[in-house]
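S.K.: Please find one structure pasted underneath; my questions will follow.
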């Protein structure tokens, strides 16, 4: 039986949430596992019932648990569970970016090759509709981007591959947060980024249309290398901006301390 620690912090619901998240992240609570009932949680945590209820409601809102009449369960959807358990504030890191694109290469290079071998005229038309000449904003680009890769996965004509890809797609598309990065760019820079990515999509589409698996694989690799390099630059810029903000706060703090020391001196 899992071991829970009594709570002694003032932010009791947050402390409960962190313990449950930790148990999920370490695999001690697995997808589909049932949590102890409310009374048992109250006893094990050593807190009031209202704190447990508030924590369970928050965990459900995060997508980490599912509450039913029969009880509260760890979300059985692994893709949703992994994404929900991430520290989303710290997601944009160099290691995470590399992990995401490494995973996408493992999935999507092979998927593109299958699509080039098997895509029907109807499947190719479905891919083509998500390669517009241009997009006007982040939302339009996001829809085109996600649907383009989804259509390729469907064109691979392997139901199991498509099901697996669908399960992890949300995680793969949200973790690196390049849509958020695009929103921070000035209009000219974002338009240039949209065009560059759409051009890479066109190269993938053309390889699939030519029924050339090797060319489709190469086009996907070029696409992901370019995206990863772009996201790494964004991460470095964000880290530099955060460091600059911290330095400014320290400088301001030093100024404040100097003012206080001057104010404590009595006039002569």
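S.K.: Examine the range 173-184 for a residue that is more than 19 Å from the chain's Cα centre (by Cα) and assigned by TED's automatic domain parsing to the domain that holds residue 233, and state whether such a residue exists.
M.R.: Looking for residues that are more than 19 Å from the chain's Cα centre (by Cα) and assigned by TED's automatic domain parsing to the domain that holds residue 233, one finds none in the range 173-184, hence no.
S.K.: Ok, one more. Name the residues in the range 174-195 that are within 16 Å of residue 149 (Cα to Cα) and modelled with pLDDT of 80 or more, would you?
M.R.: Selection gives 194 alone.
S.K.: Would you be able to tell me the number of residues in the range 20-38 that are in a helix (DSSP H, G or I) and in contact with a helix residue (DSSP H, G or I) (Cβ under 8 Å, 6 or more places away or on another chain)?
M.R.: The qualifying residues number 5.
S.K.: For residue 161, indicate whether it is under 29 Å from residue 232 (Cβ atoms), modelled with pLDDT under 95, over 17 Å from the mean Cα position of the chain (by Cα) and surrounded by 15 or more Cβ atoms within 10 Å (Cβ to Cβ).
M.R.: The answer is yes for residue 161.
S.K.: All but one of (1) at pLDDT below 85; (2) assigned to a helix (DSSP H, G or I) hold for residue 112; state the number of the condition that does not hold.
M.R.: Checking residue 112 against (1) at pLDDT below 85; (2) assigned to a helix (DSSP H, G or I), the one that fails is (1).
S.K.: Going through 147, 143, 129, 200 one at a time, which residue ends up being without any contact (Cβ under 8 Å) to a residue 40 or more places away in the chain, assigned by TED's automatic domain parsing to the domain that holds residue 228 and over 24 Å from the mean Cα position of the chain (by Cα)?
M.R.: 129
S.K.: Identify, from the list 75, 37, the residue that is outside the structural domain of residue 166 (by TED's automatic domain parsing), at pLDDT 85 or above, farther than 30 Å from residue 161 by Cβ and touching a strand residue (DSSP E or B) at 6+ places or on another chain (Cβ under 9 Å).
M.R.: 37
The values are calculated or read from the model by the stated rules, or taken from the named source; none is laboratory data. None of the values given here were measured: they were computed from a predicted structure. Cβ atoms come from the backbone with ideal geometry, glycine included; neighbour counts cover every protein chain shown.
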